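Shown next, in structure tokens, is the structure this report addresses.
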Amino acid sequence: MTSRRAPRLADAAEIAADQNLTSAQITNLYNKRSENGFPEIAGMRRRARLWDHDEVTKWFAQRKLARITDHTPPTRDPEDLLNAADASRFLGYKNVSQVNNFLRDHPGYFPEPDTVEEMGTPERPYRRKLWRAQTLLDWQANRPGSGRHLGSDRGAPALPDVPVNGDPDELLGASQAAALLGYKSVGSFSSSLAQGYLPLLKTPDALTEQRGRRRWTRRRILEQADERRHRK
């Protein structure tokens, strides 16, 4: 008799990183399971709830399919340029900041803008990012994440080639940190950071001015990499 394979279990932080949500949103979905059908927990790790990863992925896939079916982007000239708020509305998101959230929290997930306009005054400059309607439609049709579990390289953008022996005080972003730490994707790095597996990087060394993205020095990232190797 063939034994049944044990299900892969995932906590709220891992599911959140996989689905581009927050741990609090996963908890909220679970608390409202009687209304939305969110899966029951399959176990516990210390005090953290664990779910059957495949079961949760299937639930999200069905939920996204229903949402996509409900929303058809309005007809527009493919060359029309939309700012972040308009792009969010065009794609059917109720939150007009959703595109900016993608750019801030999940580097590489959303397409780069087709045009960037320098706006404002010399004293208070800012940049306006614009996407062609066709770029948004192409992304929606091939959106990464649906049915793909964290750690899979399929559809994930390649990480940069980051030298180990560079300036130790140079500030590096999430994709560079992920590469130096040996992760296969930014999502895997972000999930490990959220779950507390990278304690030396819990507090960033700096935040970018425009988007508040976290930055760490190469020295601290390499210290974390060394600690991670010894832990294994």
Tell me, in nm to one decimal, what length is gained between ARG45 and ALA6 on full extension, where the rule is 0.36 nm per residue of separation less the Cα-Cα distance? 12.5 nm
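Can you figure out the FRET efficiency of ASP205 with ASN101, using R₀ = 22 Å and their beta-carbon distance, to the nearest 0.05? Let's see the in-between values first.
Details: r = 23 Å, r/R0 = 1.05.
Taking R0 as 22 Å, the efficiency between ASP205 and ASN101 is 0.45.
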LYS58 versus THR75, label points 7 Å from Cα toward the beta carbon: distance in nm? 4.0
Please list, in chain and number order, the residues 5+ apart from LEU9 or on another chain whose amide H is under 5 Å from its amide H, with Hs placed from the backbone. HIS53
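Beyond a 25 Å Cα-Cα separation, which of these cross-linked pairs lie in this structure: LYS32/LYS58; LYS58/LYS94; LYS58/LYS202?
Details: LYS32/LYS58 17 Å; LYS58/LYS94 23 Å; LYS58/LYS202 31 Å.
Too far apart for the 25 Å limit: LYS58/LYS202.
Since every read-out is calculated from the coordinates, none of them should be taken as a lab result. As the structure is a computational prediction, the values presented were derived from the model and not from experiment. In this analysis, Cβ positions are derived from the backbone assuming ideal geometry, glycine residues included, and neighbour counts consider all displayed protein chains.
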